[in-house]
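Reading through the structure tokens given below for one structure.
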Amino acid sequence: MSDIIFAEPDRGILDRRDEILACLENLVSSGELITDRDECRAYETDALAAYRSIPLAVVLPTSTEEVSVVLKFCHENGVKVVPRGAGTSLAGGAIPTEDAIVIGLSRMNRVLEINYDDRFMRVEAGVTNLSITSAVSDRGFFYAPDPSSQLACTIGGNIANNSGGAHCLKYGVTTNNLLGVKIVLIDGTVLDLGGSSLDSGGLDLLGVVVGSEGQLGIVTEATVRILKSAEAARPVLFGFPSSDGAGNTVAEIIAAGIIPVAIEYMDKTAIEICEAFSKAGYPLDAEALLIIEVEGSKAEMDAMLDRIISIAWANGVQTVRESKSAIETAAIWKGRKSAFGATGRVADYLCMDGTVPTGKLSYVLAQITGIVKRYGLRVANVFHAGDGNMHPLILYNANDPVEQRKAEAAGNDILKLCVEVGGCLTGEHGVGIEKRDLMAYQFSEVDLSQQLRLRAAFDSKWLLNTDKVFPF
């Protein structure tokens, strides 16, 4: 079995289940409370599906006011709460416990305001990432962060984990594109942090909330930056005979001060899996593939690509294929965006999420291969190379407890490697339960103590998303 554990459920809460559910039923509108055990089973896990626990109940509010009322009740009665967006967390950030209620924000999915003059958009937390761009694309605007799960993942979950995506190299991750939030604290207090401009007065509490994984409060609304779309964009496929050539190309592009929109990496295993699924035209004779996208006018793109291609030739590239049409561009990105789903057709996997300096990419890739081989498993590497955000997919049989332990042990070794080379445990997936017990590997006792003090200032009873982030 796995070494990841949860605290024992509070027997006092379990014994009061009927009383708690009766009170909740009086607090929310009809149809917003799920108490049937079979219906609650849909919320027992997230994308880290190896772990599951049926919650006490599920509340699906439709307004900030309802979230506030429910949290106030939970605070007064000592009931744990697990916030949930779309359940796409790969680190177990939305997995509940038996003595907790899940507050799911999927029904809070309205666009509240679009301001093209000041370039911001206000949405409820259950709005999906992709639908933000869809709402403004006809006017030539877009929302920059684009996680691979953007079709399903919600802005509330993106804020909780400071999500990024393929285009974060140029435009930044969630924290760089978030202007303000409405957040409900555990005692029901509603706060507005930030605003509709790039900077607001006072302490940067918005920066504290981004990436806090639902442990400080529940975000119900977000004000995000919308950007004017570039004149044009062009992805190019680069096939290399070795991972060293691809890794060195990435490092040299960044060192030269060239900032494409995206630099994505796939190793041979990932290339074969994604090509079989998407038929994107990926070079199957390559050991490593880079998807590098540039944008701007034709002259700007040509100039930037000339420099990038020169660097790639110097590092032994064997295939250079520019997209010639919108259809080709869509196919190239379909393959990359579908990587996790395509891999799931082949095997169960753990998707890791560590970050390393770009100058260490080649070294880390070689080490990852060695680590996974030592455990007798396979790995497919597909990740955001431009900012060193690694996503090795460790392939294993989820029905074999021995293989599960081996996969998790290999993942822990990979994350430790990321820290050892000067990186960190996570780039965009959060800590959740997956990396909780590795936090002491990156942070000192003093560091963790200060983080715990900050958390306690928001939630002194430790009711919000317990069992996550911090080591027991």
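The values are calculated or read from the model by the stated rules, or taken from the named source; none is laboratory data. Since the model is a prediction, treat every value here as computed from it, not as a measurement. Cβ: placed from backbone, ideal geometry, glycine included. Neighbour counts: every protein chain shown. Accessible surface areas use protein heavy atoms only, side chains included; no ligands, DNA or RNA. Shrake-Rupley method; radii C 1.70, N 1.55, O 1.52, S 1.80 Å.
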Relative to the chain, whose Cα atoms define the longest principal axis, helix 326-337 and its Cα axis are tilted in degrees, nearest 10, by 60 degrees
Is any residue of the stretch 8-25 close enough, with backbone N under 20 Å, to a label point placed 7 angstrom from the Cα of residue 440 along the Cα-Cβ axis, and if so, which? 8
Hey, got the dipole for the stretch 111-228? About the Cα centre, +1 on K and R Cβ, -1 on D and E Cβ, debye to the nearest 20? 340 debye
Magnitude of the Cβ-charge dipole of the stretch 11-107, K/R +1 and D/E -1, about the Cα centre, nearest 20 debye? 280 debye
Using alpha carbon positions and the Kirkwood radius, the Rg to Rh ratio of the chain is 0.97
Whole-number percent relative contact order across the stretch 232-421, with pairs defined as alpha carbons under 8 Å at least 6 apart: 28 percent
Expressed in angstrom and ordered largest first, the alpha-carbon extents of the stretch 232-421 along the principal axes are 55, 34, 24
Cα centroid distance between the stretch 413-472 and the stretch 116-178, in Å? 25 Å
Between residue 137 and residue 49, what length in nm is gained on full extension when 0.36 nm per residue of separation is reduced by their alpha carbon distance? 28.3 nm
Which whole-Hz ³J(HN,Hα) couplings does the stretch 212-222 yield from phi under the Karplus relation 6.51 cos²θ - 1.76 cosθ + 1.60, θ = phi - 60°, glycine and proline marked x? 8, 6, x, 9, 10, x, 10, 6, 10, 9, 9
Please state the shape class of the stretch 1-136: rounded when a/c is under 1.5, otherwise prolate if a/b exceeds b/c and oblate if not, all from the C-alpha gyration tensor. oblate
When the Cα centres of the stretch 304-330 and the stretch 214-273 are compared, how far apart do they sit, in Å? 14 Å
Expressed as a rounded percentage, what relative contact order does the chain have, with Cα pairs under 8 Å and six or more residues apart? 16 percent
Full-extension gain between residue 453 and residue 111, please, as 0.36 nm times their residue separation minus the C-alpha to C-alpha distance. 119.6 nm
In the stretch 11-107, what percentage of the DSSP-assigned beta bridges are antiparallel, given to the nearest 5? 20 percent
Taking the mean number of other Cβ atoms within 10 Å as a proxy for protection, how do you rank 313-321, 285-293, 428-436 from highest to lowest? 428-436, 285-293, 313-321
How much length would be gained if the chain were fully extended between residue 303 and residue 276, taking 0.36 nm per residue of separation minus their Cα-Cα distance, in nm to one decimal? 6.4 nm
For the stretch 111-228, the fraction of alpha-carbon pairs in successive 10 Å shells from zero, as %: 15, 51, 30, 4, 0
Give the average over all directions of the projected area of the C-alpha convex hull of the stretch 274-346, one decimal, in nm². 5.4 nm²
Which FRET efficiency, nearest 0.05, do residue 26 and residue 310 yield, Cβ-Cβ r, R0 41 Å? 0.05
The chain - mean residue ellipticity at 222 nm from DSSP helices (-39,500 (n - 2.57) per run, n ≥ 4, rounded to 500): -10500 deg cm²/dmol
Using a 1.4 Å probe on the protein chains only, how many percent of the accessible area of the stretch 11-107 belongs to carbon and sulfur? 44 percent
Output the 0 to 90 degree angle, nearest 10, between the alpha-carbon long axis of helix 445-458 and the longest principal axis computed from the alpha carbons of the chain. 50 degrees
With all protein chains present, how much of the accessible area of the stretch 186-245 (probe radius 1.4 Å) comes from carbon and sulfur, to the nearest whole percent? 50 percent
Over the chain, average the accessible area per residue using a 1.4 Å probe and give it in Å², no decimals. 40 Å²
To the nearest 20 debye, the chain has a Cα-centred charge dipole, built from +1 on Lys and Arg Cβ and -1 on Asp and Glu Cβ, of 680 debye
